[in-house]
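These notes are about the structure you will find just below.
The values are calculated or read from the model by the stated rules, or taken from the named source; none is laboratory data. Remember, it's a predicted structure, so these values are computed and weren't measured experimentally. Positions of Cβ are generated from backbone atoms using ideal geometry, with glycine treated the same way; all protein chains shown enter the neighbour counts. Note: areas computed on protein heavy atoms with side chains; ligands, DNA, RNA excluded. Shrake-Rupley method; radii C 1.70, N 1.55, O 1.52, S 1.80 Å.
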Amino acid sequence: METLEQFLVKNPWMEDLSPAQQQLVRDTLYERHFNAGDIICRKGSPTDEWVGIIDGLAKISCESHTGKQISFITGIPSGSWVGEGSLLKREPRRYDIVALRKSRIGFMPAETFFTLLEQNISFNRFLLTHFNERLGQFIGYMEYDRFLSPEARVARALASMFNLNLYPGMHYKLEVSQEELGNLSGISRQRVNQALHVLQSEKIVDVKYGAITILDIDALKSFEA
């Protein structure tokens, strides 16, 4: 199990902080544990922290007035940060952050976040890149949610988790269940199973129980069945 320190040192912005800033992060960051289905941060709650996925898998979603669940980001894997937009605007959260499996979540207090933002140029550059990549992810999500086949939606859901700017801790063997992929791509577990068989027949992925290995990331990103 990855320690909090191991999680921190994988972040590209951490090494560019001054020793005092690094110590501030270590002294103030704290973690909590969540089970599958737990709400990590609730829509409408105060935005007091930046949220990091130490270990686990989460998604951003909200519920319509009819009770329909709408996901905004396909998956937020280990090594990722989320929630900086609401934090910068100092507004209540406009969505739920939900654990899709048992997860360890790190919380950086707003005071620490804004100290780094005001004092460290490298941290600012990281956030700019982060915002740009996240915007591209949102636009891509709208495309595949509206136009793509179930097979292509599963492919995009997998590919979206291999953005090294957003998710630096990812590697090409992904421990994710078909039920979790269904939650991320908005289709049934049975339909996910069929889609994975198609992707495996194309030698784009290798599917084993509880794990999916990406064999061709470029083909996965561009797949359109």
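Please report the net charge: other residues with Cβ closer than 13 Å to the Cβ of Asp216, K and R +1, D and E -1.
Numbers: positive: Lys203, Lys221; negative: Glu202, Asp206, Asp218.
Cβ neighbours under 13 Å give a net charge of -1.
Considering only Cα-Cα distances, which of the following residue pairs are longer than 25 Å: Lys43/Lys102; Lys10/Lys43; Lys10/Lys208; Lys10/Lys173?
On the way: Lys43/Lys102 20 Å; Lys10/Lys43 29 Å; Lys10/Lys208 27 Å; Lys10/Lys173 18 Å.
As for pairs spanning more than 25 Å Cα to Cα, those are Lys10/Lys43; Lys10/Lys208.
Report the accessible area of Asp48, computed with a 1.4 Å probe over the heavy atoms of all protein chains in place, in Å² rounded to the nearest 10.
Approximately 80 Å² for this residue.
Give the accessible area for Arg101 in Å² (nearest 10); use a 1.4 Å probe, count only protein heavy atoms, and leave out ligands, DNA and RNA.
60
For Tyr95, Tyr172, Tyr30, Tyr209, what's the largest-to-smallest order of accessible area, 1.4 Å probe? All intermediate terms of the calculation are to be shown ahead of the outcome.
Working: Tyr95 35, Tyr172 115, Tyr30 85, Tyr209 225 Å².
Listed by decreasing accessible area, they come as Tyr209, Tyr172, Tyr30, Tyr95.
At a Förster distance of 45 Å, what's the computed FRET efficiency of Ser201 paired with Ile39, Cβ-Cβ distance as r, to 0.05?
On the way: r = 38 Å, r/R0 = 0.84.
That gives a FRET efficiency of 0.75.
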